[in-house]
Amino acid sequence: MPAAIPPTIDVLAGAAALDQDIPRVLSLLGAESLKQLGWSRFDKLTLLVPMWGKSGTTRDDYLLRLGFQAYRRWPPSALFVNPSTLAYQYPNDQRCVPRLTSEECHTHTAYEKPGGGRMQLVCCSAVLEFYEVLHDVKDDHVWRPTDTFYKTIMAIQKAFGSNYGGRS
């Protein structure tokens with residue numbers, strides 16, 4: 001079934017929900033701080049999460065930027081960014097995007113947006129942009145307001161572990 005409605009932005013609710021969920025997620029991961037995990041909170045609505053993939057003997061490091069502008073009603077936005085600029089510019093930063101090809105999580109460096117233009121898309125039902133492009137979603141994969149950004153990170157990490165194809 002296609003996503004029925006596009007996400008709505010609620011910055012204040014997103015920042016408050018992130019404040020509530022950080023301790024919950026840290027507890028799930030057995031950590032006492034974001035710093036202990038190597039994560040950082042760039043601002044009230046942004047988490048930076050280092051990730052990596054291994055192809056043969058080569059380890060590739062990435063930086064995932066999660067945005068909470070529509071959170072918790074919707075999942076966080078997710079974007080792999082250039083660690084130097086914390087942004088993504090196509091085509092210059094394509095190497096900053098991992099090739100993930102699992103059924104649950106697939107990356108696109110230049111996805112055609114509805115209405116025109118291109119965007120990076122982490123194609124996963126635990127990512128905001130998935131709903132912004134009105135992607136089809138199975139009922140059992142739909143984001144629920146009781147979910148946390150832990151679901152987003154785990155879905156992406158799972159793809160790194162099983163379906164990582166190197167740099168884009």
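At a glance:
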{"quantity": "Computed over segment 15-152: relative contact order in percent, which uses C-alpha pairs under 8 Å that are six or more apart", "calculated": "18 percent"}
{"quantity": "Mean ellipticity per residue at 222 nm, deg cm²/dmol - from DSSP H runs of n ≥ 4 across the chain, formula -39500 (n - 2.57)", "calculated": "-7000 deg cm²/dmol"}
{"quantity": "Label-point separation in nm, His135 to Arg167, each point 7 Å along Cα→Cβ", "calculated": "2.4 nm"}
{"quantity": "Option label - Rg and Dmax of the Cα atoms in Å computed here, alternatives (1) 19.5, 63; (2) 15.2, 44; (3) 33.7, 109", "calculated": "(2)"}
{"quantity": "Those Cys residues of the chain for which no other cysteine Cβ falls under 4.7 Å", "calculated": "Cys96, Cys123"}
{"quantity": "Rounded percent of accessible protein surface that carbon and sulfur make up, segment 1-145, 1.4 Å probe", "calculated": "51 percent"}
{"quantity": "Within-14-Å neighbourhood charge of Pro114 [Cβ basis; K, R +1; D, E -1]", "calculated": "-2"}
{"quantity": "Cα gyration tensor shape of segment 35-97, rounded if a/c is under 1.5, else prolate or oblate by comparing a/b with b/c", "calculated": "prolate"}
{"quantity": "Solvent-accessible area per residue, Å², over the chain with all protein chains present [probe radius 1.4 Å]", "calculated": "53 Å²"}
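The values are calculated or read from the model by the stated rules, or taken from the named source; none is laboratory data. None of these values were measured; they are calculated from a predicted model. When we count neighbours, we look across all protein chains shown, and the Cβ atoms used for this are built from the backbone with ideal geometry, even at glycine. Surface accessibility is based on the protein's heavy atoms, side chains included, excluding ligands, DNA and RNA. Shrake-Rupley method; radii C 1.70, N 1.55, O 1.52, S 1.80 Å.
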